[in-house]
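> Sharing a structure below in C-alpha cells format, with a few things to ask.
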Amino acid sequence: MPFLQGLEHVVKQDEPLAPYTYMKIGGPARYFARPENLEQLRELVVRAQNEDIPVYVLGGGSNILVRDEGVDGLVIYTRAPAFRYVRVEKELVTAGAGASLWSAVRAAALHALSGMEVLAGIPGTVGGAVRMNAGGRFGDVGQFAHQVSVLDWSGEVRTLARDQISFDYRESSIEEPVILEASFRLEEDDPVAIARRMKKIWITKKATQPLSVQSAGCIFKNTRGLSAGVLIEQAGLKGYRVGLAEVSDRHANFIITRPGCTARDVLALIDLIRDRVRAKFGVELELEIKIW
Ligand SMILES: Cc1cc2nc3c(=O)[nH]c(=O)nc-3n(C[C@H](O)[C@H](O)[C@H](O)COP(=O)(O)OP(=O)(O)OC[C@H]3O[C@@H](n4cnc5c(N)ncnc54)[C@H](O)[C@@H]3O)c2cc1C
C-alpha cells in the first residue's frame, strides 16, 4: 500500500517546520502528519516502520533545533484535540501527550494537588516533558510520574509503570516511538501554598531566563555538577554572535535566534561554544536540545 493512501487528509508533504518550533528556524519535513485519533497515529507509525521512514515526534517544539535541510522522514505532530485532554481523579492527574504541560500544572493546582507546580513556566507538551524529564532546580517530571502509555513500533499501546522507566537528568529511558499519555501522582495541599510556590518559581524563572525572545531553552546539559551557563559565561561568550544567533546576555546557556537566523548560524555558535569551553575548562558540553 502506498505510504499516504487513505491518510492524505492528515499528512502534508514538504511542510516547513520552523513555525512549529520555538526557535522558528529550520527546513521542511518530507511528511508532516497531524493524526486526529489513535487509529491514524497507529497506521502512520506502522507504515513508516514497514517502509523504513524515520519517525520524529513533535510536541511543542520548545527543545528542538531543525536543520536548514529539514527532515527526511515523517514528523508526527501530537496537538490534535484527541491527544490534548487533562483529567483529574483523586490524587492523579492524567494528560494526553499533546496537552500543554501548563494545562496539566494548572489543573493540578486548581484541584489543590501539589507536586507539578515545580514545572511552572516550562513550555511544551506533556509528551515532550516526559520524554525529556523536564524540570529544574525545584524538581522534575520523574519525581511524580505514575505511569506512561506509549505506542510501540508494532502499533500496540502499552502502559509502563513508574518502576519500568528510569528518569535521569533531562532524559527518560522510554524507547517506544510515541508517548500517548502520562499520569502523575500528587499530594493534597493548601491551594494558596501551591499558588505561592508556583509564583515563586515563575518569578525566579523570569528573572534568570530570556523568556520573551526566540530560543529553545538551555542548549547544553549541566555537567559534573557544573552549570553550563556559568562555564559559557566565564568563557567570555555572553552576547557573542554568529550570524543572527546570539548567546543570551541574561542566561549564557540560551541561544537567541533573531529573525533571519539559520540553523547553520546556531550550529556554528554551538561548535564555537563547545570549543571555547573545552579549551578553557577541559569540559565537554553535551547537548540538551535535540537536533533534527
Ligand atoms: C524559554 C524556554 C524555557 C525552558 N525551560 C525549561 C526548563 O526550565 N526545564 C526544562 O526541562 N526544559 C526547559 N525548556 C525546554 C523544553 O521546554 C522542555 O524540554 C519541554 O519539556 C519540551 O517539550 P516539547 O513538547 O516542546 O517537546 P519538543 O521540543 O517538541 O520535543 C522534545 C523531544 O521530545 C520528544 N517528544 C515530544 N513529544 C513526544 C511524544 N508524545 N512522544 C515521544 N517523544 C516526544 C521529541 O521527539 C524530542 O525528542 C525550555 C524551553 C524554552 C524555549
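> All but one of (1) crowded, with 18+ Cβ neighbours inside 10 Å; (2) assigned by TED's automatic domain parsing to the domain that holds V130; (3) more than 12 Å from the ligand (Cβ to nearest atom) hold for R106; which doesn't?
The single condition R106 does not satisfy is (1).
> Restricting attention to strands (runs of 3 or more DSSP E) lying wholly within the range 1-70, give those where 2 or more residues are farther than 21 Å from E156 by Cβ and either touching a residue at least 40 places away in the same chain (Cβ under 8 Å) or not assigned by TED's automatic domain parsing to the domain that holds E156 (or both).
Per the criteria, 11-16, 28-33.
> How many residues are assigned to a helix (DSSP H, G or I) and under 15 Å from the mean Cα position of the chain (by Cα) if we restrict to the range 71-102?
Applying the first criterion (assigned to a helix (DSSP H, G or I)) to the range 71-102 yields 81-83, 101-102.
Within this subset, residues satisfying the condition of being under 15 Å from the mean Cα position of the chain (by Cα) are 101-102.
Within the range 71-102, residues that are assigned to a helix (DSSP H, G or I) and under 15 Å from the mean Cα position of the chain (by Cα) number 2.
> Can you name every residue in the range 183-223 that is within 11 Å of the ligand (Cβ to nearest atom) and among the basic types (K, R)?
K205, K206, K221
> Can you pull out every residue in the range 114-140 that is near the ligand (Cβ under 6 Å from one of its atoms) and either outside any loop (DSSP other than H, G, I, E, B) or among the hydrophobic types (A, V, I, L, M, F, W, C) (or both)? Write out each step before concluding.
Taking the range 114-140 as the starting set, the residues that turn out to be near the ligand (Cβ under 6 Å from one of its atoms) are 122-125, 127-129, 131-132, 134-136.
Result: I122, T125, G127, G128, A129, R131, M132, A134, G135, G136.
> Among (1) part of a loop (DSSP other than H, G, I, E, B); (2) crowded, with 22+ Cβ neighbours inside 10 Å, which single condition is W153 missing?
(2)
> When only residues in the range 81-103 that are in contact with a Gly (Cβ under 7 Å, 6 or more places away or on another chain) and open to solvent by 40 Å² or more (accessible area, probe 1.4 Å) count, which is farthest from the ligand (Cβ to nearest atom)?
Y85
> Could you please let me know if V148 is closer than 16 Å to T94 by Cα, surrounded by 15 or more Cβ atoms within 10 Å (Cβ to Cβ) and touching a Leu at 6+ places or on another chain (Cβ under 7 Å)? Before the answer, list the steps.
Working: closer than 16 Å to T94 by Cα: yes; surrounded by 15 or more Cβ atoms within 10 Å (Cβ to Cβ): yes; touching a Leu at 6+ places or on another chain (Cβ under 7 Å): yes.
It is true that V148 is closer than 16 Å to T94 by Cα, surrounded by 15 or more Cβ atoms within 10 Å (Cβ to Cβ) and touching a Leu at 6+ places or on another chain (Cβ under 7 Å).
> Here are some residues: D140, D168. Which one is open to solvent by 20 Å² or more (accessible area, probe 1.4 Å) and at pLDDT 95 or above?
Residue meeting the stated conditions: D140.
The values are calculated or read from the model by the stated rules, or taken from the named source; none is laboratory data. Remember, predicted model here, so these are calculated numbers, not experimental data. Backbone-built Cβ (ideal geometry, glycine too); neighbour counts: all protein chains shown. The protein model used for the area step is the full one, side chains on, heavy atoms only, and it has no ligands, DNA or RNA in it. Shrake-Rupley method; radii C 1.70, N 1.55, O 1.52, S 1.80 Å.
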